[in-house]
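Quick notes on the structure that follows.
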Amino acid sequence: MLTLLEEELLRRLRDTAGLGLVRHTSGVIAATSGAVAIDELRVAAGVSSTHLTQRFKELIGVTPKRLARNYRFATTVLSINPAEPIDWADLASSAGYFDQAHFGHEFREFTGLTPTRYVEVRRQFLREHPGHVLDNWPLPAD
């Protein structure tokens, strides 16, 4: 029975339209931590933006742009050390944001906080809970 189930699952994977495209494109997004132009990926793959977007939404539930934004933001937040001074312009630039305003907008969209307020909250958490298991995590705990 397990062999039959495995064969059926593998057959379904092989028959999934666009799976190779999504695997490759999402791999590039992951490898670049989201700092890649989706249009460049589309051109390299030789497909339309509509086709690429549809395959992504069907197979993983989000657009390639959204996936790239998530990777870029996660990489950025994980790189913030609240114990050190932060050069926001340098951080935004190295993460692949167009400018500091773009970075600030994305930051507020993902966290509900400005970057400065986010770091203040993290620093407060570290002061109030020294040695806490979450003190190296990117987001403060309630």
Only residues in segment 61-73 that are closer than 18 Å to Gly112 by Cβ count as the first member; pair them with residues that are open to solvent by 60 Å² or more (accessible area, probe 1.4 Å), Cβ under 7 angstrom, at least 6 apart or cross-chain, and list the lot. Phe73/Phe110
Could you look through segment 15-35, keep only residues that are touching a Phe, Trp or Tyr at 6+ places or on another chain (Cβ under 9 Å) and among the β-branched types (Val, Ile, Thr), and pick out the one that is farthest from Thr75 (Cα to Cα)? Val22
Val121 vs. criteria among the β-branched types (Val, Ile, Thr), over 25 Å from Ala31 (Cβ atoms) and open to solvent by less than 70 Å² (accessible area, probe 1.4 Å): yes
Among all residue pairs at least 6 apart or on different chains, which show Cβ distances below 7 Å where the first residue, located in segment 1-17, is of a type in the set (S, T, N, Q) and the second is at pLDDT 90 or above? Thr16/Leu59
Taking segment 53-101 and keeping residues in contact with a Ser or Thr (Cβ under 7 Å, 6 or more places away or on another chain) and more than 19 Å from Arg42 (Cβ to Cβ) leaves Thr75, Leu91, Ala95
Scope segment 77-89; condition surrounded by 13 or more Cβ atoms within 10 Å (Cβ to Cβ) and either hydrophobic (A, V, I, L, M, F, W, C) or closer than 17 Å to Ala37 by Cα (or both); matching residues: Val77, Ile80, Ile86, Trp88
Residues in segment 60-69: is at least one open to solvent by 50 Å² or more (accessible area, probe 1.4 Å) and assigned to a helix (DSSP H, G or I)? yes
So for segment 103-117 (the condition being open to solvent by less than 70 Å² (accessible area, probe 1.4 Å), farther than 30 Å from Leu13 by Cα, of a type in the set (S, T, N, Q) and without any contact (Cβ under 8 Å) to a residue 40 or more places away in the chain), does at least one residue qualify? yes
Of the listed residues (Ala45, Ala74), the one being within 27 Å of Leu134 (Cβ to Cβ), surrounded by 12 or more Cβ atoms within 10 Å (Cβ to Cβ) and small (Gly, Ala, Ser) is Ala74
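The values are calculated or read from the model by the stated rules, or taken from the named source; none is laboratory data. Worth saying up front: this structure is predicted, and the values here are computed from it rather than measured. Virtual Cβ from ideal backbone geometry, glycine too; neighbours counted across all protein chains shown. Side chains included, ligands, DNA and RNA excluded: accessible areas come from the protein's heavy atoms. Shrake-Rupley method; radii C 1.70, N 1.55, O 1.52, S 1.80 Å.
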